[in-house]
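Please read the structure below before turning to the comments.
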Amino acid sequence: MIHRLTLESIVKNFGNFRANDDVSLQVKTGSVHAILGENGAGKSTLMNIIYGLYQPDSGKIFSRGEEVSISSPRRALDLGIGMVHQHFKQVENMTVVENLILGLKGQWMMKLNHHRQAVKQMADDLGFSIEPEQQVWRLPVGMQQRVEILKLLYRNADLLILDEPTSVLTPNEIGPFFKLLRRLREMGSTIILITHKLNEVMDISDRATVMRSGRVVANVDTAQTTQRELATLMVGREVVFNVARRESKPGKPVLEVNDLTVLDDRRLEAVSGLSMTVREGEILGVAGVDGNGQAELAEAITGLRSAASGRINVSGMDVTGISVARRKRDLKIGFVPEDRHRVGLDLDATLSINSVLRSFKERPFSRRGWLDFQVIDKHAEELVSRYDVRMRGVHQKARDLSGGNQQKIVVGREIEGGPKLLVVSQATKGLDVGAIEFVQKTLLAQRDRGTAILYISTELEELLNICDRVAVIFKGRIAGEMNVSEATSERIGLLMTGGRT
Amino acid sequence: MFNFLFDAHQLSDFLGSGIGLSVPLIFAAVGGVICERAGVFNIALEGQMLLGALAAAVGANLSGSAEVGLISAVLTGALSGVLLSILGVSLRGNQIVIGLAITLFASGFTSFMSRVLFPEGANSLRLDGFRPFGLPLLENIPFFGKILFQQDALFYLMLILVAVTMFVIYRTQLGLSIRAIGENPGAADTAGVPVMLLRYSCVIAGSAIAAIGGAYIVLAQVFLFSDNITAGKGFIALGAIVLGRWNPLFATLACLLFGVFDALQLRMQATQPDIPAQLFAAMPYVISILAFVGLIGLVHPPAAGGKHYDREVR
Ligand SMILES: Nc1ncnc2c1ncn2[C@@H]1O[C@H](COP(=O)(O)OP(=O)(O)O)[C@@H](O)[C@H]1O
């Protein structure tokens with residue numbers, strides 16, 4: 001049988017780092033093939049090679065049984081291969097139809113009218129509707145993703161590579177998305193799905209290839225495997241889905257929020273009259289559907305956003321008028337933000353610099369206004385080894401790291417500051433099971449050292465796993481609060497959507 | 001002081017000279033728009049105009065034909081575009097620094113070469129240039145006929161150029177690709193657009209067009225070459241690009257505005273001897289600075305302008 005795509009012994013180096021090591025792969029025509037692996041396992045690199053964005057250092061690629069050399073995305077598209085990147089490759093201030101026809105060959109004029117019709121028709125056939133004249137940046141993310149998929153289908157691609165497509169979707173968008181994938185498979189497309197979510201692999205794929213540290217460690221038929229087996233293959237050891245933890249011994253209150261109101265960017269009330277308390281040595285989880293005021297709450301506590309009214313006490317002191325820098329330095333508030341790319345890290349700076357972002361002004365990192373790079377480097381070396389950051393050296397840019405390793409840097413840096421209060425927002429977003437486990441263990445250890453932790457998350461399982469108490473936020477208010485022993489997914493789920501228990 | 005505005009003859013003379021002064025600006029601005037739309041800053045416009053001016057003088061002088069002068073200018077401009085592309089696109093140099101370097105080089109090089117090539121002095125040349133001729137029928141349109149349709153070949157070339165550039169950028173698949181590589185080259189690349197090839201083409205074409213602006217001064221306005229003959233017009237064209245929001249037609253209109261102000265200041269220098277001439281001479285530059293300042297935050301330049309693109313760097 002001829003496979004849609006076959007890779008033989010692909011090798012790819014970045015400098016002296018080997019991102020893909022002797023990778024071979026066979027993808028059956030008309031199947032959904034999952035590629036599974038931890039952050040940094042080399043999945044995206046491999047896919048970018050298939051799509052002609054990266055050139056392999058050695059190895060062979062066969063498309064429909066014929067050996068090909070894929071020198072550019074244009075060549076890949078000619079071979080019927082298309083890719084949707086995790087961060088969409090769209091010209092945001094152009095319209096949907098302009099994005100769809102960008103780069104189309106064989107026409108001199110844009111023929112917008114013709115394409116508008118054709119695009120609408122194609123979307124109809126797939127079971128959704130689209131406004132071709134809408135500018136892409138105005139569309140919700142789920143719709144942008146559909147535009148990306150349409151773009152490939154519009155070029156007659158029949159092998160679709162989707163790089164972590166569900167990471168940008170909300171839980172209730174995932175169902176319809178999988179339906180779309182199934183429909184595409186029925187229509188004859190072959191799909192390569194990159195993911196590190198095991199349940200998705202089980203749910204939709206026919207076969208799965210597991211990668212670890214740039215190598216293929218297993219090829220399995222989905223029907224004949226389990227989530228646990230996949231997780232073990234992926235991480236290379238047994239994964240504890242439930243990190244072991246001891247009962248907490250809460251001490252004095254550290255964070256006391258009283259009747260707090262915070263406005264969002266549109267000057268509307270995002271947090272309205274919210275009160276909560278977090279004590280020494282406990283983790284208070286904040287559960288809720290994204291957009292119910294969590295981000296604004298975290299920003300108000302850390303000082304990135306001012307409170308409209310109400311009080312925030314940290315260690316008994318009202319902090320509402322105190323600057324971010326002083327909250328960090330004097331009150332020891334640590335923050336692991338939701339958006340590590342924009343807020344947590346300076347992506348274009350080295351790991352060294354990123355490791356001291358919160359403390360570079362202090363001794364021993366700076367003396368009389370001069371930075372001591374030797375001390376900083378040494379500190380960074382210690383940090384990356386203690387927090388198991390996989391990288392090539394502390395002078396690498398933060399941008400080059402995978403998401404999980406970037407997050408470990410942020411978590412490590414904030415904990416090294418010796419926080420009394422740690423505000424953690426969506427800490428595990430985009431991380432694989434191995435990295436999630438590591439981050440959670442680290443946080444629990446910090447709790448046992450007496451830090452008060454506010455743990456904001458949309459993932460129920462995770463909250464039930466590591467929190468001592470869970471508060472549910474709904475429309476900027478606490479809809480209910482309970483000890484984790486009394487909490488169930490059903491109960492929290494109901495509160496999250498505005499129901500009562 | 002402004003009586004001339006109410007006399008049809010004087011007004012048409014005045015507008016005619018304003019338009020004439022704006023033609024070199026328009027070539028430079030349209031050339032610059034093409035580069036910047038493709039995501040490459042070209043602040044070498046001034047230098048490229050100068051090189052074009054010298055090449056035009058040399059070509060026309062040696063051959064005795066204005067057409068040869070024009071072609072030399074185009075080739076020289078294109079060559080400077082190749083240089084800018086290699087340094088600023090392939091070798092990933094800072095495009096602002098490279099653009100300045102090209103301009104500084106051009107300024108010294110053209111002064112030096114003009115002394116070498118024209119030992120008797122380039123400003124005593126009497127070059128054969130492009131002479132005005134009327135377009136049948138159109139030249140008879142009252143008022144505008146005389147201003148727009150009794151011009152030289154380069155002027156008509158300019159009109160065609162603006163129209164063609166508008167058409168290509170906003171109506172064709174090629175133009176869509178150019179706009180896309182200026183906004184998000186990664187997106188264009190993954191959609192199958194050859195980013196590097198297109199950036200090179202745009203920079204080379206844009207530079208050649210800017211050089212025609214310099215050639216125009218030599219071959220249609222003054223018929224000689226003198227040191228720094230472009231007098232900062234390339235920089236004013238940069239202002240026109242911003243004022244015109246990276247749209248070739250609007251940039252052209254902005255150039256016309258600058259040209260008319262230039263004509264106005266020339267007239268004032270002549271008619272108001274009591275006021276220091278420098279005050280008037282500064283006018284176009286002041287206007288261009290004001291335009292810049294007034295527009296800060298209001299205009300959206302191509303998002304990828306001046307940024308390097310490399311597939312394998314993320
Ligand atoms: N363009 C690049 N330049 C340098 N290093 C890279 C580049 N792309 C990926 N890497 C490195 O290669 C490794 C694999 O990354 P990636 O393929 O993105 O992993 P995955 O998709 O499995 O998370 C990572 O350690 C990353 O730092």
- line: Scanning segment B:159-173 residue by residue, those under 21 Å from A:GLU92 (Cβ atoms) and under 22 Å from the mean Cα position of the chain (by Cα) turn out to be B:ILE169, B:TYR170
Residues within segment B:219-249 that are of a type in the set (A, V, I, L, M) and out of contact with any Gly (no Cβ under 7 Å at 6 or more places or on another chain), tallied: 9
query: Does B:TYR200 meet the test of being within 12 Å of chain A (Cβ to nearest Cβ), touching a helix residue (DSSP H, G or I) at 6+ places or on another chain (Cβ under 9 Å) and of a type in the set (Phe, Trp, Tyr)?
result: no
task: Give the residues of segment A:260-296 that are touching an Asp or Glu at 6+ places or on another chain (Cβ under 9 Å) and of a type in the set (Ser, Thr, Tyr), sorted by residue number.
output: A:THR261, A:SER275, A:THR277
- line: The strands (runs of 3 or more DSSP E) lying entirely within segment A:151-270 that contain at least 3 residues which are within 16 Å of the ligand (Cβ to nearest atom) and either among the hydrophobic types (A, V, I, L, M, F, W, C) or modelled with pLDDT of 95 or more (or both) are A:190-195, A:207-212, A:215-221
- request: Filter the helices (runs of 4 or more DSSP H) completely within segment B:123-190 down to those with at least 1 residues that are at pLDDT below 90 and closer than 25 Å to B:ASP13 by Cβ.
  value: B:144-149
statement: Per the list (1) touching a strand residue (DSSP E or B) at 6+ places or on another chain (Cβ under 7 Å); (2) assigned to a loop (DSSP other than H, G, I, E, B); (3) open to solvent by less than 10 Å² (accessible area, probe 1.4 Å), residue check on A:GLY82 breaks on (2)
- prompt: Which one is least open to solvent (accessible area, probe 1.4 Å) among residues in segment B:292-303 that are at pLDDT 85 or above and within 23 Å of B:GLY234 (Cβ to Cβ)?
  reply: B:PRO302
field: Count of segment A:8-22 residues which are more than 14 Å from every other protein chain (Cβ to nearest Cβ) and open to solvent by 70 Å² or more (accessible area, probe 1.4 Å)
entry: 4
- prompt: Does segment B:205-214 contain at least one residue that is within 14 Å of another protein chain (Cβ to nearest Cβ), more than 30 Å from B:GLN10 (Cα to Cα), in contact (Cβ under 8 Å) with a residue 40 or more places away in the chain and open to solvent by less than 30 Å² (accessible area, probe 1.4 Å)?
  reply: no
- prompt: Do we find a residue being of a type in the set (D, E, K, R) and under 30 Å from the mean Cα position of the chain (by Cα) anywhere in segment A:297-311?
  reply: yes
message: Just the residues that are of a type outside the set (Lys, Arg), assigned to a loop (DSSP other than H, G, I, E, B) and more than 9 Å from chain B (Cβ to nearest Cβ), please, taken from segment A:60-79.
response: A:GLY65, A:SER69, A:ILE70, A:SER71, A:LEU79
Residue satisfying condition, being part of a helix (DSSP H, G or I) and either under 18 Å from B:PHE105 (Cα atoms) or of a type in the set (D, E, K, R) (or both), within set B:LEU25, B:LEU70, B:LEU15, B:LEU51: B:LEU51
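Quick grid of which residues meet (1) within 14 Å of chain B (Cβ to nearest Cβ); (2) exposed (fewer than 14 other Cβ atoms within 10 Å of the Cβ):
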site	(1), (2)
A:ASN113	yes, yes
A:GLU133	no, yes
A:GLY142	no, no
A:ASP158	no, no
A:THR166	no, no
A:VAL201	no, no
Qualifying residues in segment A:393-404 (those that are more than 14 Å from chain B (Cβ to nearest Cβ) and at pLDDT 85 or above) - the one nearest to the ligand (Cβ to nearest atom): A:GLY393
task: Given the conditions (1) away from every other protein chain (no Cβ under 11 Å); (2) exposed (fewer than 15 other Cβ atoms within 10 Å of the Cβ); (3) over 20 Å from A:PHE177 (Cβ atoms), report the number of the one that A:LYS105 does not fulfil.
output: (1)
Enumeration of residues in segment B:67-84 that are hydrophobic (A, V, I, L, M, F, W, C) and buried (at least 24 other Cβ atoms within 10 Å of the Cβ): B:LEU70, B:ALA73, B:LEU84
task: Quick one: in segment B:263-291, of everything that is closer than 18 Å to B:ILE43 by Cβ and open to solvent by 80 Å² or more (accessible area, probe 1.4 Å), which residue is nearest to the other protein chains (Cβ to nearest Cβ)?
output: B:ILE289
message: Taking the criterion of being in the same structural domain as A:ARG215 (by TED's automatic domain parsing), within 16 Å of the ligand (Cβ to nearest atom) and open to solvent by 20 Å² or more (accessible area, probe 1.4 Å), would at least one residue in segment A:23-37 satisfy it?
response: no
message: Looking at A:GLY321, A:GLY369, A:GLY310, A:GLY334, can you tell me which residue is farther than 25 Å from A:VAL423 by Cβ, among the small types (Gly, Ala, Ser) and either open to solvent by less than 30 Å² (accessible area, probe 1.4 Å) or assigned by TED's automatic domain parsing to the domain that holds A:GLN407 (or both)?
response: A:GLY369
- request: Would you check which residues across segment A:212-221 are surrounded by fewer than 18 Cβ atoms within 10 Å (Cβ to Cβ) and of a type in the set (Val, Ile, Thr) and list them?
  value: A:VAL217
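The values are calculated or read from the model by the stated rules, or taken from the named source; none is laboratory data. None of the values given here were measured: they were computed from a predicted structure. Positions of Cβ are generated from backbone atoms using ideal geometry, with glycine treated the same way; all protein chains shown enter the neighbour counts. Surface areas here come from the heavy atoms of the whole protein model, side chains and all, with no ligands, DNA or RNA. Shrake-Rupley method; radii C 1.70, N 1.55, O 1.52, S 1.80 Å.
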